[in-house]
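Some notes on the structure that comes next.
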Amino acid sequence: MDWANLTQQLINGLSLGAIYALIALGYTMVYGVLRFINFAHGDVFMIGAFAGLYVHRWLKPFFQWMPEFLSALLVLLLSMCICAALGILIEKLAYKPLRQRSRLTVLITAIGVSLLLSYGAQLLFGAAPKGFPQLIKNDTHDLPGAVSITTEQIVVLVVTLLLLVSLRFIVQKTRMGLAMRALSNNPTAASLMGVNTDAVISFTFGLGSALAAAAGIFFAMLYQAIDPFMGILPGIKAFVAAVLGGVGNIAGAALGGFLIGLVETLVVGYSKNIGIPPGFRDAVAFVILILILMFKPAGLLGKSEREKV
Amino acid sequence: MKKHIAHLALVAGLAASVALYAIAPQLDDYAVNIFVLAGINIILAVSLNLVNGHTGQFSLGHAGFMAAGAYTSSIITLTLAPALASAPAWQAQAAFFSALLAGGLFASFCGFLVGVPSLRLRGDYLAIVTLGFGEIIRVVIQNTNALGGARGLEGIPPYTNLLWTFGIATVAIYVVASLVNSTYGRGFISVRDDEIAAEAMGINTTKYKVAAFVIGAFFAGLAGGLYAHFISYIAPEGFNFLKSVDVVVMVILGGMGSTPGVAAAAVLLTLMNELLRDFEQYRMIVFALLLIILMIVRPQGLLGNFQRRKRKAPQP
């Protein structure tokens, strides 16, 4: 057993998993309040990366006067704001008119929004992959035992952790979070108790989209190239993560994201040992999805719900 | 009454295919090209409509079944190619037909595999699982050297002609239409309209869902085989998620559950693809906007009769 290699794979897997976890949270929160899968969420993630690219390009003249971490933080926060606005806008324009319709109608609309975002981005930004600027100086730090971690990986993990903690604070300790939980528990009762349903739904979309934007920037930092269709696969894998953790369950989504990232990285890292070619990495998440839906459809942390007529 | 119309349509469609085939030499290549693509799209849309429209099981994996059929039939004809090169034409055509059938059968086996786990799922979950299955098929092909890997298969003998395409399209329309209008086929619609009520009435919903997937996948496999033997080149990238979405757009535009509507939408979208060739980058944006607006204004599609009586999703 090569422990150094395993630790290295775990570090890589966790930083990939952080990205999936952030996207998965958006799926799970929207599912919580509206009971539908926001198919366009992966494309909000893509827009987040492009927003980061352009914010960095436009604000470059100002960045000379500020320390590196501040400019990186600015790029992150501005992209999160842009995507939050985008998420709210999508909800108002496309999903709100469909509030009482069947889930299938909403799902098809979401596919439409997803196509609109990716092809719109292709029209605006071009189909060719774009290089992503280096936001922070990327050093490789050697850890004991021939293991290394890059500055970017540290930033991704630490910021993700901070975002998860603040999300937990918002959901558990604020009035808005209470309203979100009430709405996901029972929408009718919540609105009878005076919860402003529309405001909570908008807030949820904004919050989820902001997290997706952060994920987009982290993804772009780690892989250095972005393109209009980069959102499809990570989006679907993050959805799998949400299902794995139990859809609607916030802690579950984070857990599921990290697990998917780890499993995917380990399959690629040990492809020789287990006899699965590394090219199968994109199939890993789907196999997990099918297994979980067959054996534990409620997910790892989810409560199974009895279906009522 | 409806049965007579269906039989009549079958005969008329087959006659039209023969007629089209007969005048094919007079048409230029471009027209033939559009006709064949339209025919293949009709098969894809009508077969997906059985799953999505009539049975109400939203599938996003049609491109995967198409790929299964395309690769199976191509591998067979490519293997037989040296022997068939010197054989008489009817033997080559017979071999092609058998290869198509094999492709369709393998695709329907894949459809069975998708259908079984999907029994526990509905709506949006099912959409993602079928999408996942489609992607798994693509990833497996991409990583199998015997299937050409990511480079794809080339030099597939171009056996597909108008007769095969429209003959099979007619059969697909006939099978789906008469299936849905039959007593047996009412089961599909009952599963769509209210699964719980259907089950309470003694409908074996499991059987119907799997049957829809198996039949739908069979025709998607045939369409894939036709496509492969028309273009002569297939690659896994051509059967990705966006290809499935193309077919879904046809079904939604035509109206879920309406066979004539869906067939018309398939032709319309094939023509639009050709006419908008110069505006390639706007095409999908137009489709996307069309989907969104259609869902808000007219969710049953342009010609559809699909209506959900339930106004509200059941609350837990």
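The magnitude of the dipole of chain A, with charges of +1 and -1 set on the Cβ of Lys/Arg and Asp/Glu and taken from the Cα centre, is near 980 debye. Between residue A:172 and residue B:233, the distance separating the two model label sites (each 7 Å from Cα on the Cα→Cβ line) works out to 5.8 nm. Placing +1 on the Cβ of every Lys and Arg and -1 on the Cβ of every Asp and Glu, with no other charges, gives region B:2-238 a dipole of roughly 480 debye about its Cα centre.
For the protein assembly as shown, the mean residue ellipticity at 222 nm estimated from helices alone is -24000 deg cm²/dmol, where every DSSP H run of n ≥ 4 contributes -39500 (n - 2.57) and the total is divided by all residues, rounded to the nearest 500. Residues whose amide H comes within less than 5 Å of that of residue A:150, counting only those at least five positions distant or on another chain, are A:141 (H built at 1.01 Å from N in the peptide plane).
The angle between the Cα long axis of helix B:89-115 and the longest principal axis of the Cα atoms of chain B comes to about 30 degrees, rounded to the nearest 10.
Beyond 23 Å, what percent of the Cα pairs of region B:1-120 remain? The partial results should precede the final answer.
Working: 3586 of 7140 pairs.
Roughly 50 percent, once rounded to a whole number.
Just how many pairs of Lys in region A:17-231 have C-alpha atoms closer than 30 Å, counting pairs that are eight or more places apart or on different chains? Total qualifying Lys-Lys pairs in region A:17-231 comes to 4.
Kirkwood analysis of the Cα pair distances in chain B returns a hydrodynamic radius of 19.9 Å. Taken one residue at a time, the phi angles of region A:139-156 give Karplus couplings (6.51, -1.76, 1.60, θ = phi - 60°) of 9, 9, 9, 8, 9, x, x, 6, 10, 9, 9, 8, 4, 4, 4, 4, 4, 4 Hz. Gly and Pro are set to x.
Using the number of other C-beta atoms within 10 angstrom as an exposure proxy, rank B:97, A:62, A:132, B:58 with the fewest first.
So the residues, fewest neighbours to most, are A:62, B:97, A:132, B:58.
Show me the chymotrypsin sites (Phe, Trp or Tyr not before Pro) within region B:175-268 that DSSP assigns to loop and that have at most 13 other Cβ atoms within 10 Å of their Cβ. Could you put the intermediate results ahead of the total?
Details: sites: B:184, B:188, B:208, B:213, B:218, B:219, B:227, B:230, B:233, B:239, B:241; in loops: B:184.
Here the sparse-neighbourhood loop sites are B:184.
Each of A:93, A:78, A:160 was scored by the projection of its Cα onto the charge dipole of region A:17-231, and the greatest displacement toward the positive side belongs to A:93; charges sit on the C-beta of Lys, Arg, Asp and Glu.
For region A:277-282, the Karplus equation 6.51 cos²θ - 1.76 cosθ + 1.60, evaluated at θ = phi - 60°, returns couplings of x, x, x, 7, 4, 6 Hz by residue, with Gly and Pro reported as x.
Relative to the first principal axis of the alpha-carbon coordinates of chain B, what is the inclination of helix B:241-254, with its axis defined by its Cα atoms, in degrees from 0 to 90 and to the nearest 10? Around 60 degrees separate the two axes. The radius of gyration of the Cα set in region A:17-231, together with its Dmax, comes out at 18.3, 60 angstrom. The amide H of residue B:257, built 1.01 Å from its N in the peptide plane, has B:53, B:54 as neighbours under 5 Å, considering only residues 5 or more places off or on other chains. Arranged from fewest to most other beta-carbon atoms within 10 Å of their beta carbon, B:186, B:283 become B:186, B:283.
Neighbour counts of other C-beta atoms within 10 Å: give me B:295, B:66, A:46, B:201 arranged from fewest to most. Before the final figure, lay out the partial values.
On the way: B:295 25, B:66 36, A:46 30, B:201 10.
With the fewest neighbours first, B:295, B:66, A:46, B:201 line up as B:201, B:295, A:46, B:66.
Mean per-residue shielding of peptide A:95-104 is 6, counting Cβ atoms of other chains within 10 Å of each Cβ. Using alpha carbon centroids, what distance separates region A:244-286 and region B:150-206, in Å? Taking the Cα centre of region B:150-206 as reference, the centre of region A:244-286 is 34 Å away.
Every number here is computed from the coordinates shown, using simple stated rules; none is lab data. Every value quoted in this text rests on a predicted model; they were computed, and no experiment measured them. As a convention, Cβ positions derive from the backbone with ideal geometry for all residues, glycine included, and neighbour counts pool all protein chains shown.
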